[in-house]
Amino acid sequence: MNVPRRSKSQRRVALLVVAGSVALAFYVRNLFRDSPIPESMSETRFAKQAATLPSQSLETVERSQETPPHAPHAESHGSHSEDEAARILHFEQERDLASLPNGDERRAVAREILAEPNHPMTLQAMMVLADCDAPLAREEFLRRSSADHPGSWDGPLIARMTRSLTRIGGVLLREDLVALFESGHRDVQLRCAQGLRDLGDDSWAKRLSEEWKSELRSPTEADRTRAVQGLGELKVDSVRASILDCLEDSSPSVRRAALVALMTDLDADVVARIQPLSEDPDSRVRLQAEAALRRWERNQ
């Protein structure tokens, strides 16, 4: 039987195909030589958790899988520190909060987190507790926000919680917000004034805006910048002219803060005041001015 001879070009193509296949086989072997493929889905899950908690070994993560959701802290052994055990517990609690459908169980996990000082999930736990049991959330919030409580929260955390709880509604009462406002912490006062305005009382926002308006005359750049930022969040009409005047402040930080404050309050008059800042000597001011002008053009 006569077999037709391949042409020179066909033989060359065949050799290239074989060489390419061999090179690909070597590449795949080297790629997975040090990275064995997981034998089961559970092994893949352990690998993912190890990536989430980079400072821990697979042995530590695997042991955490065997820990009941609400088990107390386990004692550290060998090279595993108390911080590592705490991070595992935090990871377990976060997973519980996201997956528990039962309100009683969610409440229990949330209270465990709130009982621990400086827990990274404190705010999330409070929101879960407010959803499950608003009266209990209010009681816990007022207790931990009191300066007399030994484990009281700091001002920024109280401020974030205040704003979140007032947006939910039905948790904090008017008298709670008034009492917190009188505490004197700047961030807390801002969030309380916003919450009280949501309840139909804008007198606190006006009072605070007048106090911060006076700070615009401060010789300190940081004080003026902070005042503009606060006034921008309060959004009281009577101070709009003062914010506009800050566009001509000698400090780039103040000018940029004024631009940010006016981003949601653009009209033809405001845009006319902003346009010269597109050629400001400070690059951050120029970028913010250009962003405001682009927003104005898109909305026309």
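A single member of GLU248, GLU221 is touching a residue at least 24 places away in the same chain (Cβ under 8 Å), surrounded by fewer than 17 Cβ atoms within 10 Å (Cβ to Cβ) and farther than 27 Å from GLY195 by Cβ, and it is GLU221. Between GLY200, GLY230, the distinction of being surrounded by fewer than 16 Cβ atoms within 10 Å (Cβ to Cβ) and under 29 Å from the mean Cα position of the chain (by Cα) belongs to GLY200 only. The set of residues from the range 133-149 being modelled with pLDDT under 85 and of a type in the set (A, V, I, L, M, F, W, C) comprises just one member, ALA147.
Once the range 108-139 is narrowed to residues that are polar (S, T, N, Q) and surrounded by fewer than 18 Cβ atoms within 10 Å (Cβ to Cβ), the residue that is nearest to LEU172 (Cα to Cα) is GLN124. Taken as a whole, the structure places LEU293 among residues that are surrounded by fewer than 18 Cβ atoms within 10 Å (Cβ to Cβ), hydrophobic (A, V, I, L, M, F, W, C), in contact (Cβ under 8 Å) with a residue 12 or more places away in the chain and part of a helix (DSSP H, G or I). If the condition is being of a type in the set (S, T, N, Q) and within 20 Å of the chain's Cα centre (by Cα), then the range 166-193 contributes only THR166.
The single residue among LEU142, LEU172, LEU165 that is in a helix (DSSP H, G or I) and crowded, with 17+ Cβ neighbours inside 10 Å turns out to be LEU165. Residues in the range 270-280 that are without any contact (Cβ under 8 Å) to a residue 24 or more places away in the chain and more than 31 Å from the chain's Cα centre (by Cα): 4 in all. Identify the single condition in (1) out of contact with any Lys or Arg (no Cβ under 8 Å at 6 or more places or on another chain); (2) of a type outside the set (A, V, I, L, M); (3) part of a helix (DSSP H, G or I) that GLY230 does not satisfy, given that it satisfies every other one. (1) is the only condition that GLY230 fails. Apart from one condition, GLN300 fits all of (1) of a type outside the set (Asp, Glu); (2) surrounded by fewer than 17 Cβ atoms within 10 Å (Cβ to Cβ); (3) within 28 Å of ARG160 (Cα to Cα); the exception is (3). Under the condition of being over 17 Å from GLU139 (Cβ atoms) and in contact (Cβ under 8 Å) with a residue 24 or more places away in the chain, the residues counted in the range 107-121 number 5. In summary, THR225 fulfils each of the numbered conditions (1) farther than 22 Å from LEU262 by Cα; (2) hydroxyl-bearing (Ser, Thr, Tyr); (3) in a helix (DSSP H, G or I) with the single exception of condition (1).
The values are calculated or read from the model by the stated rules, or taken from the named source; none is laboratory data. What you see is a predicted model, and the numbers here were worked out from it, not measured in a lab. When we count neighbours, we look across all protein chains shown, and the Cβ atoms used for this are built from the backbone with ideal geometry, even at glycine.
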